[in-house]
């Protein structure tokens, strides 16, 4: 009796089963996958720490938060209430409505004892006199020359230490991050940052991307993906 066809069919069936069986990554995997909505082949950064918010568990590393899914890890919005011991590099210390916040990208923290807690973006509008010095982190260098970006090519906003303001007769009025605003040049001391093989530029937690019209203010690239 010729058993060769049967063996061939058995091998093909085993290969097909292996090809379509989902491979779940264990929590202790040395190099787990990271996804931004879908698997993209990155790795959870070395040194990432666990952060708990209620019953939810996240992983944190240098300003980014990750959450485990059945197929790996995904980058997520900073969860309100998350507590970390050390702020990421490039943060800015700002005073809004008489309260001190620590801003990194679009995430705001307040200090409680020896922790920094993620909070909602403050909604209070603050007027800052042009002659007053902006609040900055203790280890940051105050900006010497204000840097301007333009909204729709008409409205000018001033960037000072990672925050944006619009000019008014009373002084500078704080505004939220103006995503889409552009400038002809990058702010001084901007740092090139690569993400998914695309070059971005970062200054005080604000990210820029080069476009035909100049340098555009964007969300952190992992949040925009």
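The values are calculated or read from the model by the stated rules, or taken from the named source; none is laboratory data. Since we're looking at a predicted model, the values are computed, not measured. Glycine gets a Cβ as well: all are built from the backbone with ideal geometry, and neighbour counts include every protein chain shown.
Side notes on the structure shown:
- Residue in the range 38-52 that is modelled with the highest pLDDT, counting only those that are surrounded by 14 or more Cβ atoms within 10 Å (Cβ to Cβ) and not in a strand (DSSP E or B): 48
- Subset of the range 53-105 [over 17 Å from residue 121 (Cα atoms), assigned to a strand (DSSP E or B) and touching a residue at least 40 places away in the same chain (Cβ under 8 Å)]: 68, 72, 73, 74, 75
- Just one of the listed residues (149, 94, 127, 107) is surrounded by fewer than 17 Cβ atoms within 10 Å (Cβ to Cβ) and either modelled with pLDDT of 70 or more or farther than 26 Å from residue 77 by Cα (or both), namely 127.
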